[in-house]
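Enquirer: My questions will all concern the structure given below.
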Amino acid sequence: MTTETPAAPGRIVLLTASHRVAPGLLSWPAWQTLHAADRVLCADAGHPQLPYLREAGVTVEHVAPTAQELVDACAGGRTVVVLPSGEGDQALTDGISRLAGSGRVQMPDLELLPGSYDLPGARLLDLVQVMDRIRLACPWSSQQTHKGLAKYGIEEAYELVEAIEDGDREELREELGDVLLQVVFHARIAQEGGPEEGDEPFSIDDVAATIIDKLIHRHPHVFGDETAETPEDVKEHWLRTKAQEKQRDSITDGVPLGQPGLALAAKLSSRVRQAGLGVTLPTGEDIGYELLALAVRAEAAGTDPEAALRAAARTYWDAIRAAE
């Protein structure tokens, strides 16, 4: 009497790929699996990977199998690769789970094979897409301008500073996101061009390219042949390359006059000290001149007068709350 050997259950491979990576850029194990598979199935006829699979000689069947049909297709040791849609084909995966949990079906081996992975910063691509949709569809966001948003940039910057001073990591994460939103929002507006932008549109990629070029140029000790052993060396490189880039007529060029008074005074003092200029502080009976002298003295001692006053004010805030 002979005993028949049960047919091998086969293998189901769910091949996933990040939508943040260009289609066609799949890992070598993914390509090997696709070429070796007995069948490759995809319910989405518009799946972004399909043109590249066809070009590579991989035949893809446009079908949406049920869980049972997929299990049957694997009978006899066959390998079936499934390309899930962007939504993930929840009905199919739920059906496979139910069959596996029933205990009545000999299930194929199930493998989840990532064909591509997100790179660091990949979620920034999602942010750009979300911002684009909001700009087009939101009645409020679609009407905003650089000038109209300016006040929010200031507010978000202060809230970020407050989160840093509080040492609240969750708040810091949220406030960094709010500041990042301002950058992406302004870049999206600038992408449209128009009179406000001087008819010269630019995108978030242009913004990133500009800061990348600046960082590389100002770090010759990292990207070039120069050396820097101390933070002071790095600062010297930065200031020298910045001066070469700006070609300023005055050391006050680039100092925003709209910043808080103590910060403005400290920044001017720093520029004067670094330039080696002998500038006599103006004097007067107004208390502003006393504050100016204090700010200059603090900057010379390596203290940020704005941060120092803010810390003292927060202590005062605590005392007020205690008195209440």
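The values are calculated or read from the model by the stated rules, or taken from the named source; none is laboratory data. It should be emphasised that the depicted structure is a prediction, and the values quoted were computed from it without experimental measurement. Ideal geometry is used to build each Cβ from the backbone, glycine not excepted, and the neighbour counts take in all protein chains shown. Keep in mind that these areas ignore ligands, DNA and RNA; they rest on the heavy atoms of the full protein, side chains included. Shrake-Rupley method; radii C 1.70, N 1.55, O 1.52, S 1.80 Å.
Enquirer: For the range 90-134, with every protein chain kept in place, what is the accessible area per residue (1.4 Å probe, Å²)?
Expert: Details: 3230 Å² over 45 residues.
In whole numbers, the range 90-134 has 72 Å² accessible per residue.
Enquirer: Just need the relative contact order of the chain here, percent rounded to a whole number, with Cα pairs under 8 Å and 6+ apart. Working shown, then result.
Expert: Working: 308 pairs, mean separation 43.2, N = 324.
Reported as a whole number, the value is 13 percent.
Enquirer: So, counting K/R as plus one and D/E as minus one, what does the shell of residues with Cβ under 12 Å around Ala307 add up to?
Expert: Its environment carries a net charge of -3.
Enquirer: Which of the listed residues, Thr227, Ile204, Leu268, is farthest toward the dipole's positive end in the range 203-268, when Lys, Arg count +1 and Asp, Glu count -1 at the beta-carbon?
Expert: Farthest towards the positive pole: Leu268.
Enquirer: Two decimals is fine: what's Rg over Rh for the range 1-127, C-alpha atoms, Kirkwood radius as Rh? Could the numbers behind the result be given before it?
Expert: Numbers: Rg = 16.1 Å, Rh = 15.7 Å.
Here Rg/Rh amounts to 1.03.
Enquirer: While we're looking at this one, here's another question. If amide hydrogens are placed 1.01 Å from N in the peptide plane, which non-local residues have theirs closer than 5 Å to the one on Leu110?
Expert: The list, which skips near neighbours in sequence, is Ile12.
Enquirer: Tell me which DSSP H helices of the chain clear both cut-offs, 15 Å or more of axial length from alpha-carbon atoms and a mean Kyte-Doolittle hydropathy of at least -0.5.
Expert: Values: long enough: 90-102 (18 Å, 0.08); 122-137 (24 Å, 0.60); 146-166 (30 Å, -0.44); 169-190 (32 Å, 0.03); 204-217 (20 Å, 0.81); 231-246 (22 Å, -1.89); 261-275 (21 Å, 0.29); 287-300 (20 Å, 1.01); 305-323 (27 Å, -0.12).
Taking the DSSP H segments of the chain (at least 15 Å long, mean hydropathy at least -0.5), we get 90-102, 122-137, 146-166, 169-190, 204-217, 261-275, 287-300, 305-323.
Enquirer: A further question on this structure: So for the range 210-324, what percent of the C-alpha to C-alpha distances run longer than 23 Å? Each step should come with its number before you reach the end.
Expert: Values: 3138 of 6555 pairs.
That tail contains 48 percent of the Cα-Cα pairs.
Enquirer: Write down the Kirkwood hydrodynamic radius of the range 71-210, to one decimal in angstroms, obtained as one divided by the mean of 1/r over all alpha carbon pairs.
Expert: Details: mean 1/r = 0.0510 Å⁻¹.
That comes to 19.6 Å for the range 71-210.
Enquirer: Could you please state how large a percent of the accessible area of the range 1-101 is carbon and sulfur, counting protein chains only and using a 1.4 Å probe?
Expert: Working: 3070 of 5680 Å².
Carbon and sulfur together cover 54 percent of it.
Enquirer: In nanometres, what is the gap between the two model label sites at His221 and Ala308, each 7 Å from Cα along Cα-to-Cβ?
Expert: 2.7
Enquirer: Return the tail of the calculated pair distribution for the range 138-279, meaning the percent of Cα-Cα pairs more than 25 Å apart. Please report the intermediate quantities before stating the final value.
Expert: Details: 5049 of 10011 pairs.
Value for the range 138-279: 50 percent of Cα pairs lie more than 25 Å apart.
Enquirer: Taking 0.36 nm per residue of sequence separation and subtracting the Cα-Cα distance, how much length would be gained by fully extending the chain between Glu170 and Asp132, in nm to one decimal? If you can, show how the numbers build up before the last one.
Expert: Values: separation 38, 0.36 × 38 = 13.68 nm, distance 2.65 nm.
Computed gain between Glu170 and Asp132 is 11.0 nm.
Enquirer: Also, quick follow-up: What residues have an amide H closer than 5 Å to that of Thr16, excluding those fewer than 5 places away on the same chain, when H is modeled at 1.01 Å from N in the peptide plane?
Expert: Placed amide hydrogens put Leu113, Gly115 under 5 Å from Thr16.
Enquirer: Against the 2.2 N^0.38 Å scaling, with N counting residues, where does the range 230-283 land? I'd like the Cα-based Rg ratio to two decimal places.
Expert: On the way: Rg = 12.4 Å, N = 54, 2.2 N^0.38 = 10.0 Å.
Ratio of Rg to 2.2 N^0.38 Å for the range 230-283: 1.24.
Enquirer: Can you tell me, using C-alpha contacts under 8 Å and at least 6 residues apart, the relative contact order of the range 54-112 as a whole percent?
Expert: Details: 22 pairs, mean separation 22.6, N = 59.
Relative CO of the range 54-112 lands at 38 percent.
Enquirer: Still on this structure, I have one more. Once you place label points 7 Å from the Cα toward the Cβ at Ser250 and Gln144, how far apart are they in nm?
Expert: Label at Ser250, label at Gln144, 3.4 nm between them.
Enquirer: OK, next. Can you give me the orientation-averaged projected area of the convex hull built on the Cα atoms of the chain, in nm²?
Expert: Values: hull surface 125.2 nm².
For the chain, averaging the hull's shadow over all directions gives 31.3 nm².
Enquirer: Quick one: plug the Kirkwood hydrodynamic radius of the range 117-199 (C-alpha pairs) into Stokes-Einstein at 20 °C, 1.002 mPa s, and report D in µm²/s. Don't jump to the answer; show the numbers that get you there.
Expert: Numbers: Rh = 14.1 Å.
It diffuses with D of about 152 µm²/s by this estimate.
Enquirer: Nearest 500 deg cm²/dmol is fine: what mean residue ellipticity at 222 nm does the chain get from its DSSP H runs of n ≥ 4 alone, each adding -39,500 (n - 2.57), divided by its residue count?
Expert: Working: 13 runs with 176 residues, N = 324.
Calculated at 222 nm, the ellipticity per residue is -17500 deg cm²/dmol.
Enquirer: Follow-up. Using 0.36 nm times the number of residues separating Glu192 and Arg123, minus their current alpha carbon distance, what extension gain do you get?
Expert: On the way: separation 69, 0.36 × 69 = 24.84 nm, distance 2.30 nm.
Between Glu192 and Arg123, full extension yields an extra 22.5 nm.
Enquirer: Shifting gears a bit: Given a 1.4 angstrom probe, what's the average accessible area per residue across the range 224-295, in square angstrom? All intermediate terms of the calculation are to be shown ahead of the outcome.
Expert: Numbers: 5210 Å² over 72 residues.
Dividing the accessible area of the range 224-295 by its residue count gives 72 Å².
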